[in-house]
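Have a look at the structure below, then the notes.
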Ligand code: G
Ligand code: MN
């Protein structure tokens, strides 16, 4: 034991410092979640053919430290995703998302959820409480599930989607292309929207590999009647290429970064035609 500490201190003080900093971050995140010291940041998803038309907003949960600063999600998200804290994050995102939908009847909002949270009792309690006053707000909720987490428990995802579709919610397959889709499951899933991972969008106007990969992902989406969103759009040339190649909507820093203020209060924001599962 002492030997290990000695090794860490003696041979690699940097690793030691990083491990200690990570442990501290985790404890601050834990505190933030327990105290509900969290906010939703909103990022618009715009129509590819009309960037002033906002199809929906993605609500991204941000955890604050005790001084009110945002803790960067990349510092902890992978660590807490499989833990209880990950479930708590999903519950808080749902709670805040439903509140925002109730308070803003003109918007459509997506929140992120891990497939690991399916069946977590707290999630259902938050849903019930959020719908007590007005269950129709669920018509404007989109639940984003990453491809990698959906593939962990495809049967549970199918049953969950079926139940929530009945209640009015829509679903988006997040980071499409970055996970390991077993195409077999595509036939069973009922995703309304696919969000193509930003890695395929980078420099798409001049990267032939990304052009072919995105084209393949779009073909699959179209075959299954899914609406397509390109994530991580940062350049005008990327946006132009995507619009000309059949992508429905775009999201990324080119249009807006996620903000804690409510972007639908902008004069430019319009509602777009409904995106709904029709089956
Ligand atoms: O996994 P998901 O796609 O939900 O993650 C969204 C994350 O991507 C957010 O944390 C957001 O800040 C980030 N993001 C949003 N737009 C862009 C962009 O244009 N470029 C990059 N690199 N990241 C982005
Ligand atoms: Mn997302």
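Please treat every number below as a calculation from the coordinates, not as lab data. Note that this is a predicted model, so its numbers are computed, not measured. FYI the Cβ positions are ideal-geometry reconstructions off the backbone, even for glycines, and counts take in every protein chain you see.
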Subject >> Residues in the stretch 182-199 reached by a label modelled at residue 225 [backbone nitrogen below 14 Å; 7 Å Cα→Cβ] >> reply: 187-193
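Could you state, as a whole-number percent, how many of the C-alpha pairs of the stretch 185-230 are farther apart than 15 Å? If you can, show how the numbers build up before the last one.
Details: 433 of 1035 pairs.
For the stretch 185-230, the fraction of Cα-Cα distances above 15 Å is 42 percent.
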Subject >> Projected-area average for the stretch 134-174 over all orientations - Cα convex hull basis, square nanometres >> reply: 2.6
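Out of every Cα pair in the stretch 147-238, what percent are spaced more than 22 Å from each other?
Values: 1191 of 4186 pairs.
Across the stretch 147-238, Cα pairs with separations above 22 Å total 28 percent.
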Original post:
Can you list the equivalent-ellipsoid semi-axes of the stretch 46-169, largest first and in whole Å, using the square root of 5 times each Cα gyration tensor eigenvalue?
Top reply: 22, 20, 16
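Based on the Cα atoms of the stretch 210-249, what semi-axes does the equivalent ellipsoid have, where each is the square root of 5 times one gyration tensor eigenvalue, given in whole Å with the largest first? All intermediate terms of the calculation are to be shown ahead of the outcome.
On the way: eigenvalues 62, 21, 13 Å².
Listed largest to smallest, the semi-axes of the stretch 210-249 are 18, 10, 8 Å.
Based on the Cβ-Cβ distance from residue 211 to residue 79, what FRET efficiency comes out when R0 is 51 Å, to the nearest 0.05? Kindly include the intermediate steps, with their values, before the conclusion.
Numbers: r = 35 Å, r/R0 = 0.68.
Here the calculated transfer efficiency is 0.90.
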**OP:** Jot down the radius of gyration and Dmax of the chain, Cα atoms only, both in angstrom.
**Re:** 19.8, 64
Subject >> In Å, descending, principal axis extents of the Cα set of the stretch 6-95 >> reply: 60, 29, 27
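For residue 133 and residue 70 in one chain, what is 0.36 nm times their gap in residues minus the Cα-Cα distance, to one decimal in nm?
Working: separation 63, 0.36 × 63 = 22.68 nm, distance 3.12 nm.
Extra length available between residue 133 and residue 70 comes to 19.6 nm.
Below 8 Å between Cα atoms, with a sequence gap of 6+, how large is the relative contact order for the chain in percent? Can you show the working numbers first?
Working: 471 pairs, mean separation 56.0, N = 279.
For the chain, the relative contact order is 20 percent.
Residue 156 to residue 99: FRET efficiency via 1/(1 + (r/R0)^6), r the Cβ-Cβ distance, R0 41 Å, to the nearest 0.05? Spell out each step's value before the answer.
Details: r = 27 Å, r/R0 = 0.65.
That pair, residue 156 with residue 99, gives E of 0.95.
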**OP:** Between the alpha-carbon centers of the stretch 76-124 and the stretch 149-167, tell me the distance in whole angstrom.
**Re:** 15
Original post:
Once you treat every alpha carbon in the stretch 36-82 as an equal point and sum by Debye, what is log10 I(q)/I(0) at q = 0.15, 0.17, 0.19, 0.23 Å⁻¹?
Top reply: -0.54, -0.64, -0.71, -0.83
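Could you calculate the contour length gain from residue 34 to residue 19, that is, 0.36 nm times the residue separation minus the distance between their Cα atoms, to one decimal place in nm?
Values: separation 15, 0.36 × 15 = 5.40 nm, distance 2.27 nm.
Full extension of this stretch gives 3.1 nm more.
Considering only DSSP beta bridges whose two residues both sit in the chain, what percent are antiparallel, to the nearest 5?
40
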